[in-house]
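S.K.: Mind looking over this structure? Questions follow.
The values are calculated or read from the model by the stated rules, or taken from the named source; none is laboratory data. Please read these numbers as outputs of a predicted model, since none were measured by experiment. A quick note on method: Cβ atoms are made from the backbone with ideal geometry, for glycine too, and the neighbour counts reach across all protein chains shown.
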Amino acid sequence: MAETTRKIPAHEIVYRQIREMILFGDLAPAQPVTIQGLAEALSAGMTPIREALRRLTAEGALLPLGNRRISVPELTLEDLEQLAFLRLHVEPELARQAATNIDAEGVSALRAIDDRLNDAIDAGDVGGHLRHNHAFHMHLYGFAQAPILLSAAEALWLRAGPSLRVVCGRHGTANLPDKHDEALLALAEGDPATVCAAIRQDIRQGLEQIRQTLSAEI
């Protein structure tokens, strides 16, 4: 049964809500959050909140602090190097495989997402930038038809997302270049190697911005 036609369990809805709060930086790194506070913010029961937090803690996206408090872990330079290693191996490969499967309709859908991303950049909309950038990558990677690699990429974004929000919050969206135009052109031309290279460079740019921000805090 399609997800749109079946009832999604409350604990799954809450999990997705909190996951998005982490992914897009609504929960800042090292910001203590209480279970009660999340329950009130999401108008959810304590049981689905606890289940969602258990899952997200197991995924490394949250850190238990005790006394019913949790926080998003602060990213260190050492953590970033590990994330960089994994992202630069997993995501370009997803992009390469996606380029072999995507059709004209898929490229058009990606262009529409990227247009919304550019509009968010022009408007200085940090939240919109983060959401549309994430949507662009995950929509592209979905064409790879490689669920294990896709799951790994999603987990890596969950660890890096809060720190990217910090970068955007400090420097705005104007200084956030990407390589999406290059990737879209290569997709339209059926050039998997160039798509792979464009996404690799896109990821490098984002990681370098996070690295510079973390280094300035030391």
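S.K.: Any residue in segment 193-216 that is outside any helix (DSSP H, G or I) and free of Cβ contacts under 8 Å to residues at least 40 places away in the same chain?
M.R.: no
S.K.: Could you tell me whether residue 152 is surrounded by fewer than 21 Cβ atoms within 10 Å (Cβ to Cβ), at pLDDT below 95 and in a helix (DSSP H, G or I)?
M.R.: Spelling it out, it is not the case that residue 152 is surrounded by fewer than 21 Cβ atoms within 10 Å (Cβ to Cβ), at pLDDT below 95 and in a helix (DSSP H, G or I).
S.K.: Here is a follow-up. Please determine, by comparing only the residues of segment 155-199 that are crowded, with 18+ Cβ neighbours inside 10 Å and charged (D, E, K, R), which one is modelled with the highest pLDDT.
M.R.: Across segment 155-199, the extreme among qualifying residues is 179.
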